[in-house]
Structures are given as C-alpha cells and as structure tokens.
1. Would you kindly identify the helices (runs of 4 or more DSSP H) lying entirely within the range 130-237 that contain at least 2 residues that are at pLDDT below 95 and within 19 Å of residue 92 (Cβ to Cβ)?
2. Can you tell me which residue among 177, 168 is more than 13 Å from the chain's Cα centre (by Cα) and either more than 20 Å from residue 37 (Cβ to Cβ) or surrounded by fewer than 18 Cβ atoms within 10 Å (Cβ to Cβ) (or both)?
3. Could you list, in sequence order, the residues of the range 32-51 that are under 19 Å from residue 21 (Cα atoms) and surrounded by 18 or more Cβ atoms within 10 Å (Cβ to Cβ)?
4. For the range 12-27, which residues satisfy the criterion of being touching a residue at least 40 places away in the same chain (Cβ under 8 Å) and either surrounded by fewer than 16 Cβ atoms within 10 Å (Cβ to Cβ) or more than 22 Å from residue 196 (Cα to Cα) (or both)?
5. With the structure loaded, tell me whether residue 77 is surrounded by 15 or more Cβ atoms within 10 Å (Cβ to Cβ) and either farther than 21 Å from residue 199 by Cβ or touching a strand residue (DSSP E or B) at 6+ places or on another chain (Cβ under 9 Å) (or both) or whether it fails that test.
6. Is one or more of the residues making up the range 216-229 surrounded by 15 or more Cβ atoms within 10 Å (Cβ to Cβ), in contact (Cβ under 8 Å) with a residue 12 or more places away in the chain and within 15 Å of the chain's Cα centre (by Cα)?
7. Do you know which residues across the range 128-139 are touching a strand residue (DSSP E or B) at 6+ places or on another chain (Cβ under 7 Å) and either surrounded by 19 or more Cβ atoms within 10 Å (Cβ to Cβ) or closer than 14 Å to residue 83 by Cα (or both)?
8. Which numbered condition trips up residue 51, out of (1) within 27 Å of residue 131 (Cβ to Cβ); (2) outside any loop (DSSP other than H, G, I, E, B); (3) touching a helix residue (DSSP H, G or I) at 6+ places or on another chain (Cβ under 8 Å)?
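The values are calculated or read from the model by the stated rules, or taken from the named source; none is laboratory data. Just so you know, these numbers come straight off a predicted model, no measurement behind them. Backbone-built Cβ (ideal geometry, glycine too); neighbour counts: all protein chains shown.
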C-alpha cells in the first residue's frame, strides 16, 4: 500500500555514530504521505535516533537523507514533539503564539490561529493559564497545539505519552488520531504496543540500531516475526 503513496522523507544506508556508539546502522527507510509510522523496540534500540535523523536533527555519518518535493513543488514541513515538552514561562496562549512568531506568521493572524490550535486540543478555556502550571497531559496537548498551529506536513513524536497516566495517554492518542485523520503524516516512537496497534498504519521494530521488521500494522501483529521481535512483543504484553 505504501508503495502507492508519495514519499516525503527517506534515509538511504544511514549510519549515525555518537563517540564509540553506533546508534543507527545502515538504515534505509522512506516515510510516505498519509502514513502513521510507529517505531517500537527496547531502550537504546535506535528509535529516537531514527526519528531525529529523518527530521534532519541528527546528520548522517554515512549514507544520506533525502527530502522529496510535494505535488505543489514545495518541500514538506515538519514539527517534532518530545517526551517532555519544552514550554516557556508564559501563558498557554503565548506559547502557541511564540511558535507562530518564530515561524514568521504575521501578527494579525497569530491570535486567531493560536486560539484555533488551543481549541483543537481542548485547551482554549485554559489559554491564559501559565503553561508550566498545567498538568503533564495538558502540557503535552499544548505542545501538540503549538505544532498543529504551524500546519506541518509531518508530525514527529518521540514517546509523547511515556510519562503520562492512562487518562492523559488516551487524550494525547485522540488528538494525534484527529490530526492524522485530517491528513497529517505521523511518525512516532513508543514502548506501548497497544498504542502502536491503535494508531499505526505501519510498524517498524528496531534492535541495536537496525530495522529488523517493517510491516503494515495488521501483519506486524499477525505474522510470524523474527525471534528478537517476537520476544519483544511477548515481553511487552499485556498491552496498555
């Protein structure tokens, strides 16, 4: 199915090295428009490095990264959320507007666009509250609002619910699913296999910086997998 979708970003034989540690080894992967790509694997398997290499935050020590033009001739834009969102000591509304200012959005448009972003994630009623006084789940939703306001083509999420309680996790999943339903391409890492099953169209399993499995979500959870991937799935059950 992904072969019929237009490519957005690719890694070709990409290797990323940090000192004596090879975090990503000769990895080839293409992210396609409209996908919900979920990366799974143990700690240190290379999930975060792969996301950041795709985004261009980590340069490739070997191999290369390629960004593909969209149908209208422009390059895709991207935003990235981390496990712990970085928020300024400002109101929720000001945090979103600051992101729009940094992106170069005219002042006349920042107010309406920022409030619409807060509404999309259910935080408009808390727009005037200090961002750092929000709960963990609300802070992550605020970070999602700031990303959505910029209308990126691709949303990168690095374990966005890892430190949240079950209720907050469900809230974040619902927002991400809404963004994806609107056509935003999503690439995320997670330890939560239930989350992968709920959100992904495609699942990639990494081990020691290598892609071991790359399958559509239904096949990932039904097919016979290589031993290390099968053991990982077994060890992560029950899914939360």
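1. Here the list reads 136-149, 166-181.
2. Details: 177 fails: more than 13 Å from the chain's Cα centre (by Cα).
One residue alone meets the criteria, 168.
3. Result: 41, 45, 46, 47, 48, 49, 50, 51.
4. From the range 12-27, those touching a residue at least 40 places away in the same chain (Cβ under 8 Å) are 12-17, 22-27; that's our starting set.
Those that are touching a residue at least 40 places away in the same chain (Cβ under 8 Å) and either surrounded by fewer than 16 Cβ atoms within 10 Å (Cβ to Cβ) or more than 22 Å from residue 196 (Cα to Cα) (or both): 12, 13, 14, 15, 16, 17, 22, 23, 25, 26.
5. Numbers: surrounded by 15 or more Cβ atoms within 10 Å (Cβ to Cβ): no; either farther than 21 Å from residue 199 by Cβ or touching a strand residue (DSSP E or B) at 6+ places or on another chain (Cβ under 9 Å) (or both): yes.
Against the criterion (surrounded by 15 or more Cβ atoms within 10 Å (Cβ to Cβ) and either farther than 21 Å from residue 199 by Cβ or touching a strand residue (DSSP E or B) at 6+ places or on another chain (Cβ under 9 Å) (or both)), residue 77 does not qualify.
6. no
7. Matches in the range 128-139: 131 only.
8. Failing condition for residue 51: (3).
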